[in-house]
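> Let me give you the structure first, and then I'll get to my questions.
The values are calculated or read from the model by the stated rules, or taken from the named source; none is laboratory data. Fair warning: this is a prediction, and the values are worked out from it, not measured in the lab. Virtual Cβ from ideal backbone geometry, glycine too; neighbours counted across all protein chains shown.
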């Protein structure tokens, strides 16, 4: 079914959008314009929907709001938000009744006329996605960037040409129900994450694996050979399997010896040419290079490496004040991201602001790294005690090393950091947690941090 056929099919169908948000709002208007009978379902009351609520009222769509928003879920097509549990009883019952339960990205994959590059992983997927997009844009391609990064792509499906490319960041929530895979699938790494939503680690792994399970013989899969879980995906690859690894060669793919990056044994560029710092970003570049090799010229890859300054909220330099440098690393929503990110970038110990929503992932690995690389740890949010316990339980912990401070708000956290920092120090927002207890998402958290820092 192509796009035109789908929109003809849509006319007169009942469609439910479960959850009002960034992804669904443009789709609601589009589907209504295409003749669908639209119902919007959300757990929040109308007054909590803000501007979106006013827009929905003006559109005249049916609203099912409040605690019983999923009652009588029997529309022909049901769209769930990525954060909605796939196995909710109401969704399972709807599937049993013959309702089509889908998502924005599932349908986009089915209808997209151009080549799709998809990226997933526990850490590094946003930066890797951005690097791939930068490579392709620099090569002269029209790039449509979406998924967990950028804007929803389905609303612009009619304007996408076959010669364009789509670059999509994919979360486990999006992948768990996918029955389509991208032409090029990248898995950066896997470690425990989102165990507050997935029933166990195996479900999380299986969801991530969906990025490659539906590929064909002409597809490409890029896997991290240095990560035990992702490397184990190789036997299930159906197309061209590329590996990347730091520290040891790979038979087919990209590797780094500490000074240079090689593709199939041939030197491509020096690590020192990469503008964004950190060994984790070297790995992100290797994954991205493997994804686009053959579509992007080597000189283009080198140019992007030397000029691309990185992505907002990822080790983002905010300002220097009184000899103290402040960094926004709000995207670091897991311990592994913090360890491989900000805690690996600087030779000296830093001041770190951490804590947030509890995703039920273990903080024990964070303890030794914090003891080694942090001089002052400032904690807030619902996970503050768990992080403190993990640090104090680490074998390297000594009383007062690191100094641990507890605060209630980001304003208090920044003020504490500024009061304890000395010229030459580094202060970083590196939460190791999601933001949902205090903020809608990590972007809002990061921008609030920057706003406070810039007012110091």
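> So which residues in the stretch 246-271 are touching a residue at least 24 places away in the same chain (Cβ under 8 Å) and touching a helix residue (DSSP H, G or I) at 6+ places or on another chain (Cβ under 8 Å)? Show your work before the answer.
First, the residues of the stretch 246-271 that are touching a residue at least 24 places away in the same chain (Cβ under 8 Å): 246, 250, 253-256, 261, 263, 268-269.
Within the stretch 246-271, 246, 253, 254, 255, 256, 261, 263, 268, 269 meet the criteria.
Results for (1) within 29 Å of residue 270 (Cβ to Cβ); (2) surrounded by fewer than 20 Cβ atoms within 10 Å (Cβ to Cβ); (3) in contact with a helix residue (DSSP H, G or I) (Cβ under 7 Å, 6 or more places away or on another chain), shown as yes or no for each residue.
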{"position": "203", "(1), (2), (3)": "no, yes, no"}
{"position": "215", "(1), (2), (3)": "no, no, no"}
{"position": "233", "(1), (2), (3)": "no, no, yes"}
{"position": "239", "(1), (2), (3)": "no, yes, no"}
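> Has the stretch 393-400 got any residue that is farther than 20 Å from residue 454 by Cα, modelled with pLDDT of 95 or more and surrounded by 17 or more Cβ atoms within 10 Å (Cβ to Cβ)?
Yes; the residues of the stretch 393-400 include at least one that is farther than 20 Å from residue 454 by Cα, modelled with pLDDT of 95 or more and surrounded by 17 or more Cβ atoms within 10 Å (Cβ to Cβ).
> Can you name the condition, by its number, that residue 159 falls short on among (1) in contact with a strand residue (DSSP E or B) (Cβ under 8 Å, 6 or more places away or on another chain); (2) surrounded by fewer than 20 Cβ atoms within 10 Å (Cβ to Cβ); (3) at pLDDT 90 or above?
(1)
> On to the next question. If the requirement is being loosely packed, with under 15 Cβ neighbours inside 10 Å and within 21 Å of residue 121 (Cα to Cα), which of these qualifies: 319, 337, 252, 314?
Working: 319 fails: within 21 Å of residue 121 (Cα to Cα); 337 fails: loosely packed, with under 15 Cβ neighbours inside 10 Å; 314 fails: loosely packed, with under 15 Cβ neighbours inside 10 Å.
The unique qualifying residue is 252.
> Those residues that are modelled with pLDDT of 95 or more, out of contact with any helix residue (DSSP H, G or I) (no Cβ under 6 Å at 6 or more places or on another chain), buried (at least 17 other Cβ atoms within 10 Å of the Cβ) and farther than 18 Å from residue 343 by Cβ, I need them from the stretch 414-450; list them, please.
The answer is 416, 418, 445, 450.
Table: residues versus (1) within 25 Å of the chain's Cα centre (by Cα); (2) more than 25 Å from residue 444 (Cα to Cα); (3) without any contact (Cβ under 8 Å) to a residue 12 or more places away in the chain; (4) outside the structural domain of residue 337 (by TED's automatic domain parsing).
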| site | (1), (2), (3), (4) |
| --- | --- |
| 372 | no, yes, no, no |
| 393 | no, yes, no, no |
| 399 | no, yes, yes, no |
| 408 | no, no, no, no |
| 415 | no, no, yes, no |
| 421 | no, no, no, no |
| 424 | no, yes, no, no |
| 428 | yes, no, no, no |
| 432 | yes, no, no, no |
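> Is it fair to say residue 340 is touching a helix residue (DSSP H, G or I) at 6+ places or on another chain (Cβ under 6 Å), closer than 30 Å to residue 172 by Cα and modelled with pLDDT under 95? Full working, then the answer.
Details: touching a helix residue (DSSP H, G or I) at 6+ places or on another chain (Cβ under 6 Å): yes; closer than 30 Å to residue 172 by Cα: yes; modelled with pLDDT under 95: yes.
So residue 340 fits the description; yes.
A quick yes/no check of all residues on (1) in the same structural domain as residue 34 (by TED's automatic domain parsing); (2) in a strand (DSSP E or B); (3) closer than 25 Å to residue 78 by Cα; (4) touching a residue at least 40 places away in the same chain (Cβ under 8 Å):
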site	(1), (2), (3), (4)
98	yes, no, yes, no
110	no, no, yes, yes
118	no, yes, yes, yes
122	no, no, no, yes
127	no, no, no, yes
132	no, no, no, yes
137	no, no, no, no
145	no, yes, yes, no
151	no, no, yes, yes
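> Identify, by number, the condition in (1) in contact with a helix residue (DSSP H, G or I) (Cβ under 8 Å, 6 or more places away or on another chain); (2) closer than 19 Å to residue 446 by Cα; (3) free of Cβ contacts under 8 Å to residues at least 60 places away in the same chain that residue 274 doesn't meet.
Failed condition: (2).
> Within the group 296, 338, 271, 282, which residue is in the same structural domain as residue 166 (by TED's automatic domain parsing) and within 22 Å of the chain's Cα centre (by Cα)? So that I can check it myself, show each step before the final result.
On the way: 296 fails: within 22 Å of the chain's Cα centre (by Cα); 338 fails: in the same structural domain as residue 166 (by TED's automatic domain parsing); 271 fails: within 22 Å of the chain's Cα centre (by Cα).
Step by step, each of 296, 338, 271, 282 is checked, and only 282 is in the same structural domain as residue 166 (by TED's automatic domain parsing) and within 22 Å of the chain's Cα centre (by Cα).
> Which of the residues that make up the stretch 46-65 are in contact with a helix residue (DSSP H, G or I) (Cβ under 9 Å, 6 or more places away or on another chain) and assigned to a loop (DSSP other than H, G, I, E, B)?
Of everything in the stretch 46-65, those that are in contact with a helix residue (DSSP H, G or I) (Cβ under 9 Å, 6 or more places away or on another chain) and assigned to a loop (DSSP other than H, G, I, E, B) turn out to be 49, 60, 61.
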